[in-house]
1. Among 77, 131, which comes first, then next, by fewest other beta-carbon atoms within 10 Å?
2. What would the Debye formula give as log10 I(q)/I(0) at q = 0.07, 0.10, 0.13, 0.17 Å⁻¹ for the alpha-carbon point model of the chain, no solvent?
3. Looking at the stretch 1-123 from every direction and averaging, what is the projected area of its Cα convex hull in nm²?
4. Test of understanding: ordering 58, 231, 27 by Cβ neighbours within 10 Å, fewest first, what list do you get?
5. State the dimensionless ratio Rg/Rh of the stretch 180-242 (Rg: radius of gyration of Cα atoms; Rh: Kirkwood radius).
6. Could you work out the Rg to Rh ratio of the stretch 87-127, with Rh taken as the Kirkwood radius (inverse of the mean 1/r over all Cα pairs)?
7. Please arrange 176, 123 by counting, for each residue, the other beta carbons lying within 10 Å of its beta carbon, fewest first.
8. On C-alpha positions alone, give me the angle between the axis of helix 229-241 and the longest principal axis of the chain, in degrees, nearest 10.
Ligand code: BJW
């Protein structure tokens, strides 16, 4: 039996799979990852220069320009076969939960209904001064519609900022109660998200990782599929639905 068949069989038996995804999930959509050496988003930019509250305070124009650049990339891309495979699995009756670190909204766009987007949504803005709510981003807009201050920023979580506590609790609960976990396309270097996957390592359910490169999780998972998410997921999910 191939590894794909093996994983497909495990997924077929599962009632409550969780997919924990990172930037590699959207790589085949054309969105660069964060840390890939050759074409990562930050291979020319240090994260601490762009994705921190301090950076925004120091140079809001530079940070906004970086996010406009990223939004333009996302507007030109769409969910790939991997996102669609996960969504189709849910449509076939499986109680799928997606926990994603990605801010591109592609799991939702592909049709997944239960998505915990831990690091926010890049296509929305919110007020950096704490006005409630988020807004669909306006191109190059920076004035908060509520307080009228020049304080709009992307609705994402920067280094040093806390993640939404409710989302973290819901994600933890999903991992504690799932019966199979997929860790897909994440370097596992950013916390507290990485701790969700670490939590699963004390489990009694299978953990599968899909990534072209080994990560800190690889030695602890049951099955490692070395390669692209968009290549493996359609085959695995199709097998599980048959
Ligand atoms: C493929 C593929 C293909 C390629 N198919 N795969 C504990 C220890 C140490 C530090 C900390 C700690 N706890 C907290 C911290 C501090 C910090 C942190 O984690 N630092 C580490 C970097 C050391 N964390 C925080 O600050 C967090 N907040 C927090 O802890 O609050 C509490 C607090 C408050 C105040 C003071 C102190 C603490 C917030 C973290 C927010 C992260 N935000 C970002 C940016 C989002 C906005 C934006 O998009 O600009 O989120 S950083 C960036 O990394 C982004 C990602 O979601 C995240 C994870 O990256 P990911 O997805 O893993 O991508 P890559 O590029 O790293 O990896 C891609 C992978 O795909 C690779 O493995 C490839 O091989 C693979 N791949 N092609 C499948 N086709």
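1. In order of increasing Cβ crowding within 10 Å: 77, 131.
2. -0.23, -0.47, -0.79, -1.27
3. Result: 8.7 nm².
4. Ordered by Cβ neighbours within 10 Å, fewest first: 58, 231, 27.
5. 0.97
6. Answer for the stretch 87-127: 1.04.
7. Fewest to most other Cβ atoms nearby, the residues stand as 176, 123.
8. Once rounded, the angle reads 50 degrees.
Every number in this text was worked out from the coordinates using simple rules, so none of it is lab data. Just so it is clear, the model here is predicted, and its values are computed rather than measured. Note that each Cβ is placed from the backbone with ideal geometry, even for glycine, and that neighbours are counted across all protein chains shown.
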